[in-house]
Amino acid sequence: MTHLVFMILVVSLAAVFISRMLPQQKRNMDSADSLSILKRRLASGEISLEEYEKLKKAI
């Protein structure tokens, strides 16, 4: 019984540790992805240069 509780605790801590590591990497990618999307929208004429600059500052 004690071993089961210990294993649940270990697995839970591992899951928390892993979940804390992954979002940090994703946040960095989101910023780069947002900028590339913004550049694509500017290039296609979907947004103006003024809108591009405003949105770029917000990222």
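The values are calculated or read from the model by the stated rules, or taken from the named source; none is laboratory data. These numbers come from a predicted model, not from an experiment. Methodologically, a virtual Cβ is constructed for each residue, glycine included, from the backbone with ideal geometry; neighbour enumeration extends over all protein chains shown. We work out accessible area using only protein heavy atoms, side chains counted, and drop any ligands, DNA or RNA first. Shrake-Rupley method; radii C 1.70, N 1.55, O 1.52, S 1.80 Å.
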*Can you run down the residue pairs with Cβ atoms below 6 Å, 6 or more apart or on separate chains, where the first is in the stretch 16-38 and open to solvent by less than 100 Å² (accessible area, probe 1.4 Å) and the partner is assigned to a helix (DSSP H, G or I) and at pLDDT 80 or above?*
Leu38/Leu55
*Residue under evaluation Ala32, criteria (1) of a type in the set (A, V, I, L, M, F, W, C); (2) at pLDDT 90 or above; (3) closer than 16 Å to Ala58 by Cα, criterion not met*: (2)
*Hits in the stretch 40-59 (condition: in contact (Cβ under 8 Å) with a residue 12 or more places away in the chain and either loosely packed, with under 13 Cβ neighbours inside 10 Å or among the hydrophobic types (A, V, I, L, M, F, W, C) (or both))*: Leu55, Ile59
